1. Quick one: in segment 48-72, of everything that is part of a helix (DSSP H, G or I) and aliphatic (A, V, I, L, M), which residue is nearest to the chain's Cα centre (by Cα)?
2. Given the conditions (1) modelled with pLDDT of 95 or more; (2) touching a helix residue (DSSP H, G or I) at 6+ places or on another chain (Cβ under 9 Å), and given that Asn67 satisfies all but one, which numbered condition is not satisfied?
3. In this structure, is Asp274 at pLDDT 95 or above, within 30 Å of Leu35 (Cβ to Cβ) and more than 18 Å from the chain's Cα centre (by Cα)?
4. Tell me, which residue of segment 84-97 that is modelled with pLDDT of 95 or more and not aliphatic (A, V, I, L, M) is farthest from Gln125 (Cα to Cα)?
5. If I ask for residues that are in contact with a strand residue (DSSP E or B) (Cβ under 7 Å, 6 or more places away or on another chain), β-branched (Val, Ile, Thr) and buried (at least 22 other Cβ atoms within 10 Å of the Cβ), which ones from segment 136-169 would you list?
6. Pick out, from segment 85-190, the strands (runs of 3 or more DSSP E) lying fully within it that include 2 or more residues that are in contact with a Gly (Cβ under 6 Å, 6 or more places away or on another chain) and not aromatic (Phe, Trp, Tyr).
7. Hey, can you tell me all the residues within segment 198-230 that are within 19 Å of Ile174 (Cα to Cα) and in contact (Cβ under 8 Å) with a residue 40 or more places away in the chain?
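The values are calculated or read from the model by the stated rules, or taken from the named source; none is laboratory data. None of the values given here were measured: they were computed from a predicted structure. Note that we place each Cβ from the backbone using ideal geometry, even for glycine, and neighbour counts take in every protein chain shown.
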Amino acid sequence: MKVFKTSQSLVEYLSNETRPIGMVPTMGALHSGHLTLIERAVKENKSVLISIFVNPTQFNDKNDLVNYPSSVVEDLLQIKKISKKILVYIPKVNDVYGNIVESKSFDLAGLDQVMEGEKRSGHFQGVATVVAYFLKTFTPDHAYFGEKDFQQLLIINYINRSLNLKTKIIGCPIVREKDGLAMSSRNILLTADQRKKASKLFEALQIAKSNAKRIPYRSLKTTINSFFESQDKITLDYFMIVDPNTLKEIHLDQPVDRGRGFIAAYLGKIRLIDNLDMS
């Protein structure tokens, strides 16, 4: 395993001999979901590049940035167990941004204006900025992202195409705990009581899917709202079913025979998201 602190040193190391390269961008605090992406990348590429970088411009809440979990030493140990041939990029902020730490402005075709984009102002511009930097600088042949952040995956696919980059973007299925909770680095911030409640997000998505084809979407939203109103210490932020290609919400009066359900909820100050194919 080789660790690089600067993009220049990493670019100088990369060559035709290291290709094809699969990249797994992360913000660290690795869990089994990340490790699944890394294991797939190892199988499908000659070299694998993992970035560990907590990107400041995708946080609209400074407290969220300060409190974001970090476990670099443990992360490296987990990576090394998978393969000793993995390359790891752990940059300082100025290596990615230079002296001016701000997002670039991308036309994201409206994909950033709904759900997480509406709730977290500027979030996806920050994501697009750092992912575009990685893809342009290291030109990986493949890049792997989890479907837990499905909206982010669509946006990354969009910027990859719009910038005419050569990387193939690969979305990978959500990895879940035994009770259905989608694995996330934020899960370790939950108290024991909150952790028990956290599986309610997936339970709500399953309720939606089981009722989707027999009641109109308007009634389905009421069902999910009522479900959360009956829960203690968990607050629904939003529940929506949208077209999985455009992220446009389906019509309230139509039955749900297609689409993808998205949900966000608060447990105390911790905000979790999840999604599920409704078909």
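1. Step one: of segment 48-72, the residues part of a helix (DSSP H, G or I) are 56-58, 62-67, 72.
Filter again for aliphatic (A, V, I, L, M), leaving 65-66, 72.
Working: Leu65: 16, Val66: 19, Val72: 19 Å.
Applying the filter and picking the extreme gives Leu65.
2. For Asn67, the exception is condition (1).
3. Values: at pLDDT 95 or above: yes; within 30 Å of Leu35 (Cβ to Cβ): yes; more than 18 Å from the chain's Cα centre (by Cα): no.
So Asp274 fails the test.
4. We begin by selecting, within segment 84-97, every residue modelled with pLDDT of 95 or more; these are 86-97.
Pick out the ones that are also not aliphatic (A, V, I, L, M) and you get 89, 91-92, 94-95, 97.
Details: Tyr89: 22, Pro91: 20, Lys92: 20, Asn94: 18, Asp95: 18, Tyr97: 14 Å.
Checked segment 84-97; the qualifying residue farthest from Gln125 (Cα to Cα) is Tyr89.
5. Matches in segment 136-169: Ile156 only.
6. Details: elements: 87-89, 142-146, 168-172.
Correct list: 142-146.
7. Ala198, Lys200, Leu201, Phe202, Ala204, Leu205, Gln206, Ala208, Lys209, listed by residue number.
Let's see how each residue does on (1) touching a helix residue (DSSP H, G or I) at 6+ places or on another chain (Cβ under 6 Å); (2) without any contact (Cβ under 8 Å) to a residue 24 or more places away in the chain; (3) of a type in the set (Lys, Arg):
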position: Ile21; (1), (2), (3): no, no, no
position: Thr26; (1), (2), (3): yes, no, no
position: Ala29; (1), (2), (3): yes, no, no
position: Lys43; (1), (2), (3): no, yes, yes
position: Gln58; (1), (2), (3): yes, no, no
